[in-house]
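Participant: This is the structure, below, for whatever I ask next.
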Amino acid sequence: MYSTDLRTDREKKSADQQILDDAKLWDAFQKRIDGGEVIEAKDDMPEKYRATLLRQISQHAHSEIVGQLPEGNWVTRAPTLKRKLILLAKIQDEAGHGLYLYSAAETLGRSRDDMVADLLSGKAKYSTIFNYPAPSWADIGTIGWLVDGAAVTNQIPLCRCSYGPYARAMVRVCKEESFHQRQGYEIVTVLAQGTPEHKQLAQDSINRYWWPSLMMFGPSDSASTHSAQNMKWKIKRHSNDVLRQRFIDTTVPQAEFLGLTIPDPDLKWNEERGSYDHGEIDWYEFWAVIKDGGICGKDRIRARRAAAKDGVWVRAAAEAYAKKQAAKQQAA
Ligand code: FAQ
């Protein structure tokens with residue numbers, strides 16, 4: 001008899017209808033996913049699917065862009081001209097990955113300017129790995145070998161992600177990341193086969209980067225908030241722990257081949273599982289780097305803000321040029 005619901009019967013009916021319509025949409029959508037269909041930008045999709053994709057793809061794009069910074073610091077100090085050229089090409093690839101990913105994210109209805117604004121304000125996340133310093137040349141090898149290696153392990157399944165624009169962007173990204181992984185391993189190989197001092201540089205770098213690389217796969221499955229739903233929607237094809245284990249199993253023999261040690265005293269081959277057992281990841285450190293930016297977080301954001309400010313005239317010039325070209329074409 002008494003109610004605080006002030007809606008008219010007609011309004012109530014339309015709200016109930018909306019819930020029914022949403023349920024029908026969700027049901028039909030899940031059937032499409034279960035049937036292996038690819039979802040395209042103009043298709044109907046639940047708002048949560050759109051939002052979680054936008055979140056993941058924009059974080060991924062930011063990671064590619066911020067990821068250029070530790071390597072960028074080494075361009076002027078690369079030991080030879082050949083190394084400098086390879087490093088420059090790799091960094092350019094990462095910029096390209098950022099651009100494909102921002103474009104894929106834009107198909108979900110948010111502008112690149114808005115996404116970048118979130119990065120610059122510190123609101124948006126990017127991979128924790130790029131908040132660690134790269135103080136030696138060996139780190140450039142290790143970033144290629146371990147960081148790109150972890151990235152490509154995580155990203156190959158994304159080529160089969162249910163959202164078409166993201167999946168298609170990932171195909172080229174993965175080809176390039178595989179090349180990055182190999183060039184990194186080659187740098188580490190040269191160091192490992194050099195003088196004892198060279199080998200020590202490589203070992204110190206693995207000691208720095210091993211655990212942060214494992215953290216790139218995200219929290220353990222029991223602490224992952226998005227995994228269950230995103231696997232149901234086939235955005236993710238495997239859980240964080242499954243991919244992390246795949247990376248460990250591939251990488252440990254590569255380190256052994258070079259006579260380098262993985263800094264994990266609990267690492268040992270488990271015959272029964274056909275896989276390596278490993279030590280506990282320091283999740284306190286992981287969440288602290290996400291929350292406070294770790295050692296380099298403030299520098300990374302400062303560098304991106306400076307780039308945005310210094311690049312204003314470049315963007316204005318590019319826009320003016322594009323307008324001039326369009327006007328010329330129209331006149332012709
Ligand atoms: N860092 O529920 P989950 C690269 C956050 S590209 C920071 O498990 P999800 C190329 C997560 O966002 C590297 N935050 O989340 C390169 C969520 O927070 P939210 C980047 C992290 O999405 C190489 C919360 O924790 N790759 O390296 C991290 O299901 C060399 C709960 O986590 C990608 O982005 C982290 N490590 O799984 C460039 C790949 N982990 O948003 C230059 C695509 C988790 O609720 C040089 N992304 N969080 O506030 C993915 O596959 C997924 O998003 C995961 C996380 C696996 C990263």
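The values are calculated or read from the model by the stated rules, or taken from the named source; none is laboratory data. Because the structure is predicted, anything quoted here is derived from the model rather than measured. FYI the Cβ positions are ideal-geometry reconstructions off the backbone, even for glycines, and counts take in every protein chain you see. Ligands, DNA and RNA are stripped out before the accessible areas are found, and what is left, the full protein with its side chains, is counted by its heavy atoms. Shrake-Rupley method; radii C 1.70, N 1.55, O 1.52, S 1.80 Å.
Participant: Using a Gaussian network model on the chain with a 10 Å cutoff between Cα atoms, which of Thr189, Thr80, Thr261 fluctuates the most?
Facilitator: Answer for the Gaussian network model of the chain: Thr80.
Participant: What figure in square angstrom, to the nearest 10, would you give for the accessible area of Arg302 with a 1.4 Å probe?
Facilitator: Arg302 exposes around 140 Å² with every protein chain in place.
Participant: Enter the per residue convex hull volume of the stretch 84-135, computed from alpha-carbon coordinates, in Å³ rounded to the nearest integer.
Facilitator: That works out to 100 Å³ per residue.
Participant: Could I ask something else about it? Restricting to Cα atoms and excluding each atom paired with itself, what does the Kirkwood estimate give for the stretch 210-332 in Å? All intermediate terms of the calculation are to be shown ahead of the outcome.
Facilitator: Values: mean 1/r = 0.0529 Å⁻¹.
For the stretch 210-332, inverting the mean 1/r across all distinct Cα pairs yields 18.9 Å.
Participant: Now for a different question. Treating only the Cβ atoms of Lys and Arg (+1) and Asp and Glu (-1) as charged, compute the dipole magnitude of the stretch 111-235 about its Cα centre; round to the nearest 20 debye. Display every interim value, and only then the final one.
Facilitator: On the way: 12 positive and 11 negative charges, 105 e Å.
Dipole of the stretch 111-235, to the nearest 20 debye: 500 debye.
Participant: Looking at the square roots a ≥ b ≥ c of the eigenvalues of the Cα gyration tensor of the stretch 56-193, which shape do they give, rounded for a/c under 1.5, prolate if a/b is larger than b/c, or oblate?
Facilitator: Details: a/c = 2.24, a/b = 1.60, b/c = 1.41.
It is prolate, given that a/c is not under 1.5 and a/b is the larger ratio.
Participant: Between Pro135, Cys161, Ser205, whose Cα lies farthest towards the positive end of the dipole of the stretch 112-254 when Lys and Arg beta carbons carry +1 and Asp and Glu beta carbons carry -1, centred on the Cα centre?
Facilitator: So the residue furthest toward the plus end is Cys161.
Participant: For q = 0.06, 0.09 Å⁻¹, what log10 I(q)/I(0) does the chain give under the Debye formula with an equal point scatterer on each alpha carbon and no solvent?
Facilitator: -0.27, -0.57
Participant: Ignoring everything but the protein chains, give the 1.4 Å probe accessible area of Leu85 in square angstrom, nearest 10.
Facilitator: Accessible area, nearest 10 Å²: 110 Å².
Participant: Something else about it: To check my understanding: the extent here is largest minus smallest coordinate of the Cα atoms along each principal axis. What are those three numbers for the stretch 129-177, in Å, largest first?
Facilitator: Projected onto its principal axes, the Cα set of the stretch 129-177 covers 39, 19, 13 Å.
Participant: Net charge near Glu285, counting Lys/Arg +1 and Asp/Glu -1 over other residues with Cβ under 12 Å of its Cβ? It would help to have the intermediate numbers written out before the result.
Facilitator: Numbers: positive: Lys291; negative: Glu280, Asp282, Asp292.
Around Glu285, the surrounding residues sum to -2.
Participant: Taking loop as defined by DSSP and a crowding limit of 15 other beta carbons within 10 Å, which trypsin sites (Lys or Arg not before Pro) in the stretch 41-90 fit?
Facilitator: Details: sites: Lys42, Lys48, Arg50, Arg55, Arg77, Lys82, Arg83, Lys84, Lys90; in loops: Lys42.
Passing both the DSSP loop test and the Cβ count: Lys42.
Participant: So which residue, out of Ala318, Ala150, Ala169, gets the largest mean-square fluctuation from a GNM of the chain using Cα contacts under 10 Å as springs?
Facilitator: Per the Cα network of the chain with a 10 Å cutoff, Ala318 tops the list.
Participant: Which residues make up the longest stretch of the chain that has no GluC sites (Glu not before Pro) in a DSSP loop with at most 12 other Cβ atoms within 10 Å?
Facilitator: Details: sites that count: Glu40, Glu271, Glu272, Glu280.
Result, exposed sites excluded: 41-270.
Participant: Based only on Cα atoms, what mean projected area does the convex hull of the stretch 129-251 have, in nm²? Don't skip to the end; give the middle numbers.
Facilitator: On the way: hull surface 31.0 nm².
Spelled out: convex hull of the Cα atoms, projected over all directions, averaged, 7.7 nm².
Participant: Here's another thing I want to ask about it. What ranking of Thr153, Thr250 comes out by heavy-atom accessible area, probe 1.4 Å, highest first? List each step's numbers first, then the result.
Facilitator: Details: Thr153 25, Thr250 75 Å².
The ranking, largest first, comes out as Thr250, Thr153.
Participant: Work out the length of the dipole vector of the chain about its Cα centre, built from +1 on the beta-carbon of each Lys and Arg and -1 on the beta-carbon of each Asp and Glu, and round it to the nearest 20 debye.
Facilitator: On the way: 46 positive and 44 negative charges, 286 e Å.
Its charge dipole is roughly 1380 debye.
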